[in-house]
Amino acid sequence: MTLVVDDGGLLSIECGSASFKLRLLSAEDFPPIQPIEGSTVSLPVGEFSETIDQVARSASRDETRPHLTGILLSVDGDKLRSVATDSYRLAVRTTKIDPPVSERIEANVPARALQEASRIAEGSDTVKITLARTSDLV
C-alpha cells in the first residue's frame, strides 16, 4: 500500500490495481483543543456503565427538544446524581464517589455521548469524568 500527500492537500492511496484520491482538511481550519481543567470524578467502569444504562433509557430521542436528550450529571460532595427524562419517564440514580468533590457542579451531557463513553471504557478499570465549570467542557 502506498500513501502520498501532495502540497495541495490531496491524499493518494494505491494498493495493487486500486487507487483512490481524498481531499484533506487543513489542521488550521479546526480550533485548538484546550486542556480541560476542573473537578474530576472517578468511578469504577462497571458502576459507571450501570448508571448510564439505567438512566439513558429515559432520555428523549427527540432532537427537537435537545435539552431532554441529555443526562444531567450533578456532583455534590460524595454523590453523583444522574437524571434523565423524556417528559413521560424519569430516571434518577445516585452514585457514591470517593474522594468527595469540594464544589457543586452540574452538566447536561448528551446521553449518546455518555453511552459511547461507557462502551469505550469497557476495557479499563476506572472512568475519570472531568467537569469543567468555566469552559462548558466535559
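The values are calculated or read from the model by the stated rules, or taken from the named source; none is laboratory data. From a predicted model like this one, the values you see are computed outputs, not experimental measurements. Positions of Cβ are backbone-derived with ideal geometry, glycine not excepted, and every protein chain shown enters the neighbour counts. Surface accessibility is based on the protein's heavy atoms, side chains included, excluding ligands, DNA and RNA. Shrake-Rupley method; radii C 1.70, N 1.55, O 1.52, S 1.80 Å.
In the range 11-60, which residue that is among the aliphatic types (A, V, I, L, M) and open to solvent by 60 Å² or more (accessible area, probe 1.4 Å) is farthest from Leu114 (Cα to Cα)?
Here the residue is Leu22.
Restricting the search to the range 68-86, which residues are open to solvent by 20 Å² or more (accessible area, probe 1.4 Å) and within 20 Å of Ile129 (Cβ to Cβ)?
Scanning the range 68-86 gives Thr69, Leu72, Asp76, Gly77, Asp78, Lys79, Arg81, Val83.
Somewhere in the range 62-70, is a residue closer than 28 Å to Asp98 by Cβ and either of a type in the set (Val, Ile, Thr) or under 17 Å from the mean Cα position of the chain (by Cα) (or both)?
yes
Kindly indicate which of Ala113, Ala107, Ala59 is farther than 17 Å from Lys128 by Cβ and not charged (D, E, K, R).
Residue meeting the stated conditions: Ala59.
With the checklist (1) of a type in the set (Val, Ile, Thr); (2) modelled with pLDDT of 90 or more; (3) within 30 Å of Leu10 (Cβ to Cβ) in hand, flag the one item Thr69 doesn't pass.
So Thr69 meets the others, but not (3).
Taking the condition without any contact (Cβ under 8 Å) to a residue 60 or more places away in the chain, open to solvent by less than 90 Å² (accessible area, probe 1.4 Å) and either over 29 Å from Gly123 (Cβ atoms) or not aromatic (Phe, Trp, Tyr) (or both), does Gly8 pass?
For Gly8, the condition - without any contact (Cβ under 8 Å) to a residue 60 or more places away in the chain, open to solvent by less than 90 Å² (accessible area, probe 1.4 Å) and either over 29 Å from Gly123 (Cβ atoms) or not aromatic (Phe, Trp, Tyr) (or both) - is met.
Tell me, which residue of the range 105-126 that is at pLDDT 85 or above and in a strand (DSSP E or B) is most open to solvent (accessible area, probe 1.4 Å)?
The selected residue is Glu106.
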